[in-house]
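Please treat every number below as a calculation from the coordinates, not as lab data. Values in this document were obtained by computation on a predicted structure and should not be read as measured data. Every residue, glycine as well, gets a Cβ built from its backbone with ideal geometry; the counts of neighbours run over all protein chains shown.
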Amino acid sequence: MDPHAYARQVTRTLREQLLPGTLRGAWLVGSIAWDDYRPGSSDIDVLAVADPQPLPVRLALAEALAALPCPGRKLEFVLYPPGPDQPSRWQLNLNTNPVHASTDPATEPRHWFVLDVAMARERAIPLFGPPAHELLAPVPEQTVRQALEESLAWHEANEPKEPNAVLNACRARHYTETGRWASKTAAGLWARGKVADPSAIDAALAQRNRPRDP
């Protein structure tokens, strides 16, 4: 199954089994939306907005989505409520490899959600409902820049040698200097001309582009 078909299957599960009548929108985001998907190494990222759900429904949702075979490295799924300040009020954060399901925003670093919403408002592939920018609330510029700083600090503390740390730093610099989002690959290629020694960027890009089995 290709990633787009899988994302549609995720959406059908939301609409028909778990959130009938309450799902307002769902979108394919992340590397696929930015034309930067790498089979075998990229995640499949889906965001959705639905009316507030009780805890048993959210837990059942996590279990059902985790049971779907994912053709990417893993599914990253976040369910938001309608309204402002969504990055602080998400209802479910699910990663499927290994399975990690959280229903409490206080337990997760906020920068992940701030940046995901900000980028999804600019670029997302609709799966159900209106364009993402109609249901995902605007994120204040100061909040975005603070989240970028928090993201850099998190990668430095947790994944200092990973390609993602290098390429996310490139994307943060690209946004800071241009005011525009870019894919990890595009940001890395842009940043090569901004540093005296691009060897770390080249290594990160080479590892990202290395063919891998799905």
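Miscellaneous remarks
- Coil-residue GluC sites (Glu not before Pro) of region 74-151, DSSP, other Cβ within 10 Å capped at 10: none
- As a ratio to 2.2 N^0.38 Å, the alpha-carbon radius of gyration computed for region 140-214 takes the value 1.11.
- Relative contact order of region 90-156, pairs being alpha-carbon contacts under 8 Å that are 6 or more residues apart, as %: 28 percent
- Label sites at residue 209 and residue 142, each approximated as a point 7 angstrom past Cα along Cα to Cβ, lie 4.1 nm apart.
- DSSP-defined beta bridges in the chain - what % are antiparallel, rounded to 5: 75 percent
- If you take the alpha carbon atoms of the chain and fit the smallest convex hull around them, that volume is 115 Å³ per residue.
- CD proxy at 222 nm, helix term only [per DSSP H run n ≥ 4: -39500 (n - 2.57); per residue of the chain; nearest 500]: -13000 deg cm²/dmol
- Longest segment of the chain lacking trypsin sites (Lys or Arg not before Pro) that sit in a DSSP loop with at most 15 other Cβ atoms within 10 Å: 1-88
- Here the Kirkwood formula puts the hydrodynamic radius of region 36-134 at 14.1 Å, using every distinct Cα pair.
- Degrees, to the nearest 10: 3-12 long Cα axis against longest axis of the chain: 30 degrees
- Listed by chain and number, the aspartates and glutamates placed with their C-alpha closer than 17 angstrom to that of residue 194 are 177, 202; residues fewer than eight positions away on the same chain are left out.
- Charging the Cβ of each Asp and Glu at -1 and of each Lys and Arg at +1, and nothing else, the dipole of region 1-137 about its Cα centre rounds to 160 debye.
- For region 51-171, with +1 on Lys and Arg beta carbons and -1 on Asp and Glu, the positive-most of 163, 83, 136 along the dipole: 163
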